[in-house]
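As structure tokens, the structure follows; a few thoughts come after it.
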Amino acid sequence: MATTNDIKNGTVLRLDGQLWTVIEFQHVKPGKGGAFVRTKIKNVMTGKTIDKTFNAGLKIETANVDRRDFQYLYQDGADYVFMDTSTYDQITIPAEIVGDAKDYMLENQNVLVASNDGQPLYIELPASVVLEITYTEPGLQGDRSTGGTKPATLETGAQIQVPLFLEQGTKVKVDTRDGSYLGRVND
């Protein structure tokens, strides 16, 4: 148990039997009345975000979330197999928990797996990854970087929008949070 004074960004709270992570918090001390903590929290399982207000000094239950480095090994049917980089233990995580991270994961890539009581909750990827374009329409003479965009398929199967001048086989940097094109990578 903790109090509202212990709330920080990234703290995981257990409210009504569900886990919520704190995205933003603000301690408010109005001129009249008692102090309170205004928070924006995100459900760990569903991704739903809500605003919640706690009175100052209120006891809240925090959850112990263990974030550890794992290496993505391979996909096994609908599940994904990861290896703990410190103990070499392998775990299988269902596709529902992996979510959209599958679009940016390559085999042997390191990721952070957050778990509570040994139960995987979600996967954190690096902010950006380098992936190769496996298919895109050929660019035409006169296509410039300031022009429009075209769809491209990455080696993971994900589709993103890239500038017209990029060709098949080009390595690009992709933002894992929203799937946007960040730039070309030269080897």
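Specify which residue in the list N64, V111, P30 is farthest towards the positive end of the charge dipole of segment 12-154, using unit charges on the beta carbon of Lys, Arg (+1) and Asp, Glu (-1), about the Cα centre.
Comparing the listed Cα positions along the dipole, P30 ranks first.
Sort the following peptides by mean Cβ neighbour count (other Cβ atoms within 10 Å, averaged over residues), highest first: 41-47, 12-18. Don't jump to the answer; show the numbers that get you there.
Values: 41-47: 14.4, 12-18: 12.9.
Those peptides, ordered most packed to least, come out 41-47, 12-18.
Between K171 and A158, with labels modelled 7 Å along Cα→Cβ, what's the label distance in nm to one decimal, could you check?
Label at K171, label at A158, 1.7 nm between them.
From the backbone phi of segment 93-105, what are the Karplus-calculated ³J(HN,Hα) couplings (6.51 cos²θ - 1.76 cosθ + 1.60, θ = phi - 60°) in whole Hz, Gly and Pro given as x?
Calculated HN-Hα couplings, in order: 10, x, 4, 5, 7, 5, x, 6, 4, 4, 6, 10, 9 Hz.
Which residues in segment 151-178 place their backbone N less than 14 Å from a point set 7 Å from the Cα of A127 along the Cα-to-Cβ direction?
174-178
At most 11 other Cβ atoms within 10 Å and a DSSP loop assignment: could you name the GluC sites (Glu not before Pro) in segment 76-144 that fit? Provide the component values of the computation, followed by the final result.
Values: sites: E96, E107, E124, E132; in loops: E107.
Hits after loop and neighbour filter: E107.
So what J values fall out for segment 179-187 if you push phi through Karplus, 6.51 cos²θ - 1.76 cosθ + 1.60 with θ = phi - 60°, rounded to Hz, Gly and Pro as x?
These are the phi-based 3J(HN,Hα) values: x, 8, 6, 10, x, 8, 10, 9, 7 Hz.
List every residue whose amide H lies under 5 Å from the amide H of Y122, counting only residues 5 or more places away in sequence or on a different chain, with H placed 1.01 Å from N in the peptide plane.
A114
Give the long-range amide H neighbours of S128: residues separated by 5 or more places, or on another chain, with amide H under 5 Å away, using H modelled in the peptide plane at 1.01 Å from N.
T176
Once amide H atoms are placed 1.01 Å from N in the peptide plane, what residues at a sequence separation of 5 or more from Q109, or on another chain, have their amide H within under 5 Å of its amide H?
Sorted by chain and number, the residues that satisfy this are Y72.
How high is the relative contact order of segment 145-187, given as a whole-number percent (alpha carbon pairs under 8 Å, six or more residues apart)? Please report the intermediate quantities before stating the final value.
Values: 54 pairs, mean separation 12.4, N = 43.
Relative contact order, segment 145-187: 29 percent.
In nm, give the distance between the simple-model label positions of Q109 and T149, each being 7 Å from the Cα along the Cα-to-Cβ direction.
1.8 nm
Assuming a viscosity of 1.567 mPa s and a temperature of 4 °C, what translational diffusion coefficient in µm² per second does Stokes-Einstein assign to segment 1-67, Rh being the Kirkwood radius over Cα pairs? The partial results should precede the final answer.
Values: Rh = 12.2 Å.
After rounding, the answer is 106 µm²/s.
At each listed q (0.13, 0.20 Å⁻¹), what is the log10 of I(q)/I(0) that the Debye formula gives for segment 29-187 modelled as equal alpha-carbon point scatterers?
Those come out to -0.76, -1.22, one per q.
Throughout, read-outs are computed from the coordinates displayed, never taken from laboratory work. Predicted, not measured: the structure shown is a model, and the values here were computed from it. Using ideal geometry, Cβ is built from the backbone for each residue, glycine included, and neighbour counts are taken over all protein chains shown.
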